[in-house]
Amino acid sequence: MTPTNSAEQALDEALALVSRAPEGGAGDSSGNAGRGAGGGTGAHRATGWQRARDTATRAGSGVRPRTHRVPLAAALGEVLAAPLDALTDLPSFDTSAMDGWAVAGPGPWSVRAGGGVLAGSERPEPLTDGEAVRIATGARIPADATAVIRSEHCREAGTQLFADRPVLTGQDIRPRGQECRSGDLLLPAGSLVTPAVLGLAAAAGYDELTTRPRPRVEILVLGDELLTGGLPHEGLVRDALSPMLGPWIDRLGAEVIGTRRIGDDPAGAAALLEAVTTSTADVLVTTGGTAGGPVDHVHPVLHRAGAELLVDGVAVRPGHPMLLARIGSGTPEEHAVRHVVGLPGNPLAAVSGLLTLAEPLLRALAGRRRRPRYTAPVQGDVPGHPYDTRLVPVLLSDEHAVPLRYHGPAMLRGVAAADALAVVPPKGARSGQELEILDLPWASGGCFT
Ligand SMILES: Nc1nc2c(c(=O)[nH]1)N[C@H]1C(S)=C(S)[C@@H](COP(=O)(O)OP(=O)(O)OC[C@H]3O[C@@H](n4cnc5c(N)ncnc54)[C@H](O)[C@@H]3O)O[C@H]1N2
Ligand code: MOO
């Protein structure tokens, strides 16, 4: 089979998984698309793709935020839980903006004997009218100085200093408090701690910041057929999700506290039940076992755990059996509220679940704002699913989103080469049509983790 044929076959596989029109008619990418998830039984309706994302955001926003106080470096990528108020004036003293001379009054000036004023050196003696002292960028301005003259704009002759051009009062002096006064609001609570924020916080006198901790995530990889090393053989396949999900979820701004493998046997189901009921994580991400197969025990375990299914199947390809559940109410009598994101086992379907449910949930739990949506025109016609949204790996050029081959649900070859996934509405897109783009966290920048 040629590569093109095999890629097309994968598309057919994804599109053929719809057996009939959804109850209540065709859906769209922004709303109520519906079909039976979990094998097309029609037992319940899938949530529209955009609605599923909104539900995940609301689920995260509804959890009472925790806060902690951490050293600056540990705050990177977290969100400020308190406003960043200046602890000092900035600059905290009148500062020379240039290497040159601090002068008092009109020139020429008599040069002060001895060394100049350096950054960090002791408070300099006040200048008397007509006096000049050599000064470095960042050094304290002597009292009664009226200007700083850059070294390239003046010349020394004996003990006298002459300016080459007119000198304006206050030139090249950064006055104390120019950037902020002590107590000024520098950034509001809710701001993302970026490298620039760390720099500003340090300049403003902070050693620690009060932030919202990263949501804690435990990953549970289900499946007896998974190998941790070597070549696939005898019906066994390499576990592609354990190596991928930890670093990916890390890039989404969460703290991954562990990745565990869980078998398909009753002991595995018991281990899964124990994890969803007792884990210290804020979010459990499971992989596999979401569909209706004989050993797919995610649904039964969630039922046993008394979980509330917030999303149970999404009108998206690949990945439609994905789910989101909540355990616990977060009331003081109950244990803390915990969410479960059930990702389908097919690897690209798991990616789809990450972007559809895990990303908005973790973003909201971390208190991070959603990035503004953006679109790009797609290169070439893109086939659509009749009722469901499709997520298609794309490369971004200056002009276009270019769809990649090898985007079948079981394939990672396309997404591994991609910059982003394009959101293709039901029935497809024409060449040049603007499609929403979901950046992959490493391609977009902006992720300080
Ligand atoms: N009768 C139906 N069967 C299936 C339907 C359906 O609608 N009716 N949906 C299909 C879709 S779509 C998906 S996606 C999968 C979801 O299945 P599960 O979430 O239950 O996952 P598994 O059955 O455990 O595995 C599916 C597939 O993925 C491979 N897999 C699982 N984990 C990994 C891993 N860590 N690394 C690599 N590959 C993995 C697994 O071997 C299977 O090939 O259900 C369809 N079935
Ligand atoms: O085919 Mo399934 O859509 O989720 O991978």
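The values are calculated or read from the model by the stated rules, or taken from the named source; none is laboratory data. Nothing here was measured: the structure is a model prediction, and the numbers come from that model. Glycine gets a Cβ as well: all are built from the backbone with ideal geometry, and neighbour counts include every protein chain shown.
Working only within segment 119-154, note down all residues that are assigned to a loop (DSSP other than H, G, I, E, B) and touching a Phe, Trp or Tyr at 6+ places or on another chain (Cβ under 8 Å). Let's see the steps before the verdict.
Keep residues of segment 119-154 that are assigned to a loop (DSSP other than H, G, I, E, B), which gives 119-130, 136-139, 141-146.
Those that are assigned to a loop (DSSP other than H, G, I, E, B) and touching a Phe, Trp or Tyr at 6+ places or on another chain (Cβ under 8 Å): G130, I141.
Determine which member of the set P347, P441, P425 is buried (at least 19 other Cβ atoms within 10 Å of the Cβ) and over 25 Å from A291 (Cβ atoms). Break it down stepwise before answering.
Numbers: P347 fails: over 25 Å from A291 (Cβ atoms); P425 fails: over 25 Å from A291 (Cβ atoms).
Matching residue, one of P347, P441, P425: P441.
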(message) With the structure loaded, tell me whether R338 is among the basic types (K, R), surrounded by fewer than 24 Cβ atoms within 10 Å (Cβ to Cβ) and either farther than 30 Å from L404 by Cα or touching a residue at least 40 places away in the same chain (Cβ under 8 Å) (or both) or whether it fails that test.
(response) no
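Here's the yes/no breakdown for (1) in contact with a Ser or Thr (Cβ under 9 Å, 6 or more places away or on another chain); (2) more than 19 Å from R176 (Cβ to Cβ):
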residue: A59; (1), (2): no, yes
residue: R69; (1), (2): yes, yes
residue: G77; (1), (2): yes, yes
residue: D85; (1), (2): yes, no
residue: T88; (1), (2): yes, no
residue: P108; (1), (2): no, yes
residue: G130; (1), (2): yes, yes
residue: G158; (1), (2): no, yes
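Please go through segment 267-312 and pick out each residue that is assigned to a loop (DSSP other than H, G, I, E, B), within 16 Å of ligand 2 (Cβ to nearest atom) and in contact with a strand residue (DSSP E or B) (Cβ under 7 Å, 6 or more places away or on another chain). Quick ask: steps written out before the conclusion?
Just the residues of segment 267-312 that are assigned to a loop (DSSP other than H, G, I, E, B), to begin with: 279-282, 288-297, 305-307.
Remaining after also requiring within 16 Å of ligand 2 (Cβ to nearest atom): 288-293, 296.
The answer is G288, G289, T290.
For segment 337-391, name all the residues that are in a loop (DSSP other than H, G, I, E, B) and among the charged types (D, E, K, R). If you could, list the steps in order and put the result at the bottom.
Applying the first criterion (in a loop (DSSP other than H, G, I, E, B)) to segment 337-391 yields 337, 344-346, 367-374, 379-381, 383-388.
If the condition is that a residue be in a loop (DSSP other than H, G, I, E, B) and among the charged types (D, E, K, R), then R368, R369, R370, R371, R373, D381, D388 are the ones that fit.
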(message) Whether any residue in segment 165-172 is in contact (Cβ under 8 Å) with a residue 40 or more places away in the chain and buried (at least 19 other Cβ atoms within 10 Å of the Cβ) is what I want to check.
(response) yes
(request) Could you tell me whether any residue of segment 353-371 is touching a Pro at 6+ places or on another chain (Cβ under 8 Å) and surrounded by fewer than 20 Cβ atoms within 10 Å (Cβ to Cβ)? (result) yes
(request) Identify, from the list G313, G263, G288, G306, the residue that is surrounded by fewer than 18 Cβ atoms within 10 Å (Cβ to Cβ) and within 28 Å of M411 (Cβ to Cβ). (result) G263
(message) So, in segment 183-237, exactly how many residues are over 25 Å from the mean Cα position of the chain (by Cα), buried (at least 20 other Cβ atoms within 10 Å of the Cβ) and away from ligand 1 (no atom under 14 Å from the Cβ)?
(response) 1
(request) Determine whether segment 253-263 contains at least one residue that is more than 16 Å from ligand 2 (Cβ to nearest atom) and in a helix (DSSP H, G or I). (result) no
(request) For segment 159-207, enumerate the residues that are assigned to a loop (DSSP other than H, G, I, E, B) and touching a Phe, Trp or Tyr at 6+ places or on another chain (Cβ under 9 Å). (result) R176, V193, T194
(request) Looking at (1) at pLDDT 95 or above; (2) touching a strand residue (DSSP E or B) at 6+ places or on another chain (Cβ under 8 Å), find the lone condition where D129 falls short. (result) (2)
(request) Check off (1) more than 15 Å from ligand 1 (Cβ to nearest atom); (2) touching a Gly at 6+ places or on another chain (Cβ under 9 Å) for R390 and give me the number that stays unchecked. (result) (1)
